[in-house]
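Structure first, commentary second.
The values are calculated or read from the model by the stated rules, or taken from the named source; none is laboratory data. Keep in mind that what you see is a predicted model, and the values were worked out from it rather than measured. Counting neighbours? That spans all protein chains shown, and the Cβs are built from the backbone with ideal geometry, glycine included. The area values use the complete protein model at the heavy-atom level, side chains included, leaving out ligands, DNA and RNA. Shrake-Rupley method; radii C 1.70, N 1.55, O 1.52, S 1.80 Å.
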Amino acid sequence: MKTKYLRSGLFLAMAAMLFNACDTDRDDNPVIGPDNAPTEFVLNTPAMSEQFIQLSADNKVNLTWSQPNYVYNAIATYEIQVGVVDNGNVKWLTDEDGKPIYLDTNFNECNVNISGDEIAEAICKIDGFGTPEEYVDKGVREIAMRVRSTIRNASNEVVPGTEIVSNYVTFKHMAAYNAVKGIGTIWLIGSCGGWKEPSAANAEALEPWIIYETEIGSKIYKGTFKIEAGDLTFRFYTKLTGWDGGASIGHKVNDEATECTFSADGSFADKYVSGKGSWQFNGFPGGDLEITIDMNASTVKFVIL
């Protein structure tokens, strides 16, 4: 999976330094908040604003901006909003209530490279495509972007009075592609399915072991499987890229099974990691096993129904 954020430990440490500095007993300490709200934030015209850009999952789009004029040493969080220009008007990506929707990746720097995949996905959402099958190629268009800057506290909440939105810039000739996200899938791979390799060649044979996302973008996967009695060992794969394709998630990193036990109510909850360590339940009684994978919290839950 792509890394969406800078390492939280570094961020929180820097945030703590910021707020500790503001607690220093000085008469001239600036106060974070509405009384010192920033008033200037400039997004620079991109070097490639006039060039043709075909977005793809592998390319990046560069943006630079000046740091907002906070009156204190600020570690800002920057978020990107995408819009489509139509007859001189910008249709920004928003939710049903008109609240801005920003790209998943945010930044703490003023010179960033933005994923072409994220930009294309945002454009598809603006166009109203709900499934990959609905996608229609709209060719080259003018695409706008602007940046929101905020200061966050140690709980990653926006400090009131620190938000400022930049001017917008446009890329005159940008083409998206079918980046519409469908329902996500995860594969249950283990003794219950004969340990078939999670490869594209086995896609049809592995269909009975797919766990589907509850809804597009939820990152929560849920499925129920009828499993025979006996010793049960398994892990999960997010892509069919083979045993060593890097798509496995399990109990731990190393490729070894860990014996686990269901509680008295027939449930088992755990954290998962990127790795090939399997969960092993000896003497599984047989029957329906409900599996829930929450990729927001990196947790799994197994329940014998």
Relative to a virtual label point 7 Å from the Cα of V253 in the Cα→beta-carbon direction, which members of the range 268-289 show backbone nitrogen distances below 13 Å?
273-277
Taking the Cα atoms only, what angle lies between the long axis of helix 8-22 and the longest principal axis of the chain, rounded to 10 degrees?
40 degrees
Under 19 Å from the Cα of K219 - aspartates and glutamates, other chains or at least 8 residues apart
D95, D104, D117, E118, E121, D270, E290, D294
Distance cut-off 32 Å, Cα to Cα: go down the list K181/K276; K138/K276; K138/K271; K239/K301; K125/K226; K99/K252 and report the pairs above it.
K138/K276; K138/K271; K125/K226; K99/K252
Enumerate the amide H contacts of T299 below 5 Å, restricted to partners 5 or more residues apart or on another chain; note that Pro and chain-start residues carry no placed amide H.
Y272, D294
What list of ³J(HN,Hα) values in whole Hz, one per residue of the range 263-270 in order, does the Karplus curve 6.51 cos²θ - 1.76 cosθ + 1.60 (θ = phi - 60°) give from phi, with Gly and Pro shown as x?
6, 4, 8, x, 10, 8, 10, 7
For the chain, calculate the relative contact order in percent as a whole number, restricting contacts to Cα pairs under 8 Å that are 6 or more residues apart.
15 percent
With the 1.4 Å probe rolled over protein heavy atoms, the range 99-248 has an accessible area per residue in Å² of 47 Å²
Residue-wise HN-Hα coupling along the range 42-59, computed from phi with Karplus coefficients 6.51, -1.76, 1.60 (Hz; x: Gly, Pro)
10, 8, 6, 5, x, 4, 9, 4, 9, 9, 6, 10, 8, 5, 8, 5, 9, 9
The percentage of the accessible area of the chain (probe 1.4 Å, all protein chains present) made up of carbon and sulfur atoms, to the nearest whole number, is 49 percent
Karplus couplings for the range 291-304 from phi (6.51 cos²θ - 1.76 cosθ + 1.60, θ = phi - 60°), rounded to Hz, Gly and Pro as x?
10, 10, 10, 9, 7, 6, 10, 6, 10, 10, 9, 10, 10, 7
What residues qualify as long-range amide H neighbours of R152, i.e. H under 5 Å apart, gap of 5 or more or another chain, H built at 1.01 Å from N?
T77, V159
What does the charge add up to near I249, with Lys and Arg as +1, Asp and Glu as -1, over the other residues with Cβ less than 10 Å from its Cβ?
+2
In degrees rounded to 10, the 0-90 angle between helix 116-126 Cα long axis and the longest Cα principal axis of the chain is 80 degrees
Roughly how big is the chain's charge dipole about its Cα centre, with Cβ charges of +1 (Lys, Arg) and -1 (Asp, Glu), in debye to the nearest 20?
400 debye
